[in-house]
Amino acid sequence: MSLDINLEYFVDGSMGYNLKSTEEYKKNIDLCSVASEKVSKEIKEQSNEIFNSFTLNYQNSTKLIRDKIIKKKYQLVVGMGGSSAGAKAINMRIEGNVFFLDNYDPAYLQNFFMNYNLKDFTIYIISKSGNTFETLAMCNLLFQYLLKISRIEEIVKHVIVITEESQSMLSDFARKNNLQIIHHNKKIGGRFSVFSETSMILFDFDPDTISNSAQSIVLKLTKKNLEDDTNPTINAAVILTLQERYGINYNINLLYDYTLKNYSYWFHQLFAESLGKNEKALTPMTSICPKDHHSLMQLFIDGSKNKLFNIYQPLLTEDSLKFSSLGLGSIETKTPNDLLKSQFLGVIKTFKNLKIPHRIVTSTGDKISNIFELFSYNILETVILGYAQNLNPYDQPAVEQIKVNTFSS
């Protein structure tokens with residue numbers, strides 16, 4: 001396992017946040033332990049398809065589907081929210097060749113169609129329900145364009161629909177046009193589907209690597225070690241205590257690894273849709289550093305102390321880049337990697353000095369394993385937080401109001 005979370009800041013009394021001595025933490029660790037027991041039982045009994053998707057059996061079955069797909073030079077995913085967010089995070093992490101239409105914007109779509117030869121793409125149209133109207137709108141415009149440049153006999157070979165095995169507008173459209181259909185697992189919501197067919201058919205990963213990465217985090221949970229900072233149970237209790245005792249209401253990923261940007265956007269949906277239901281939920285945010293040292297950092301340091309920061313270490317590679325002696329100041333005394341690491345450490349030192357709440361997230365080893373450790377860790381932490389607060393982490397009832405109002409306007 002390569003993932004490590006450092007909670008030292010919250011248990012070192014010299015920094016003002018010795019949470020473990022507070023009554024709030026003691027109450028919350030009990031609540032989160034009960035929630036963790038529920039999760040552990042679901043994992044053991046294989047009663048939750050989200051956690052089943054972590055297993056080798058599930059990954060092997062997904063590989064069988066993937067191996068039947070004839071892939072072209074590029075891949076294009078058309079889908080909103082969880083239908084595309086996980087795959088987009090993976091693709092950025094590994095610098096893959098997958099493109100995404102994940103926001104309904106007619107001007108952007110038209111520009112995309114004009115600038116890319118869609119004959120070079122295997123296209124996946126993804127909607128769990130099959131009725132996501134933005135996805136249907138993009139599908140309509142995309143299919144019109146494909147019919148202009150290609151025969152229907154060629155189109156059907158390289159357009160794949162991923163949706164539930166039920167009647168919907170998208171499944172009806174796929175059957176009418178003889179498009180291949182891959183069934184979306186009915187028991188896995190979009191934002192939890194990163195280990196399922198919506199993402200895994202796109203990438204030629206070894207099933208053992210994916211499952212082992214997830215299971216390493218599951219083991220942290222099931223071992224019940226309340227002194228292990230990477231145990232999701234402890235972290236969930238810390239978050240609840242920070243909310244109650246210190247009025248924390250933002251959960252901000254401070255990224256010194258740019259390849260995690262889309263992972264953090266995936267986290268936005270996971271955290272916000274799962275937990276944003278009791279008018280007290282933390283708002284997730286992303287800050288890209290060191291770029292944001294020159295914009296948001298002033299607010300982070302000198303603004304309200306109502307934020308929890310998850311500080312992600314830089315992805316340090318071999319020093320193939322070097323600074324030359326060009327008279328450009330003290331940067332030339334460091335390597336490029338050392339300069340970024342110094343900025344990362346400088347922020348941590350500043351936050352400690354000013355008593356700004358933060359966790360330090362380090363992830364070593366290969367990029368594929370550690371991104372899936374991050375996915376599984378955040379899924380487990382989020383579900384525990386939901387159960388501990390008597391929330392259903394799997395629904396998102398409020399967004400239905402927007403759908404109703406969209407078509408009544």
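The values are calculated or read from the model by the stated rules, or taken from the named source; none is laboratory data. Here the structure is a predicted model, which means the values were calculated and not measured. Using ideal geometry, Cβ is built from the backbone for each residue, glycine included, and neighbour counts are taken over all protein chains shown.
Annotations for the structure displayed:
- Cβ pairs under 6 Å, 6+ apart, first in segment 40-57 and outside the structural domain of residue 187 (by TED's automatic domain parsing), second in a loop (DSSP other than H, G, I, E, B) and surrounded by fewer than 18 Cβ atoms within 10 Å (Cβ to Cβ): 49/187; 52/46
- Some residue of segment 236-246 being of a type in the set (A, V, I, L, M, F, W, C), part of a loop (DSSP other than H, G, I, E, B), within 21 Å of the chain's Cα centre (by Cα) and buried (at least 16 other Cβ atoms within 10 Å of the Cβ): no
- Among residues that are assigned to a helix (DSSP H, G or I) and in contact with a helix residue (DSSP H, G or I) (Cβ under 6 Å, 6 or more places away or on another chain), residue 213 is included.
One line per residue, one yes/no per condition, for (1) loosely packed, with under 12 Cβ neighbours inside 10 Å; (2) in contact with a Pro (Cβ under 7 Å, 6 or more places away or on another chain); (3) more than 17 Å from residue 379 (Cβ to Cβ):
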position	(1), (2), (3)
266	no, no, no
272	no, yes, no
276	no, no, no
297	no, no, yes
300	no, no, yes
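- Residue 352 fulfils the conditions (1) buried (at least 20 other Cβ atoms within 10 Å of the Cβ); (2) within 27 Å of residue 32 (Cβ to Cβ) except for a single criterion, (1).
- The residue that is nearest to residue 207 (Cα to Cα), counting only those in segment 63-106 that are in contact (Cβ under 8 Å) with a residue 40 or more places away in the chain and polar (S, T, N, Q), is 91.
- Looking across segment 48-69 at every residue that is outside any helix (DSSP H, G or I) and among the β-branched types (Val, Ile, Thr), the one that is farthest from residue 95 (Cα to Cα) is identified as 55.
- Residues in segment 181-210 that are without any contact (Cβ under 8 Å) to a residue 40 or more places away in the chain and not in a loop (DSSP other than H, G, I, E, B) were compared, and the one that is surrounded by the fewest Cβ atoms within 10 Å (Cβ to Cβ) is 183.
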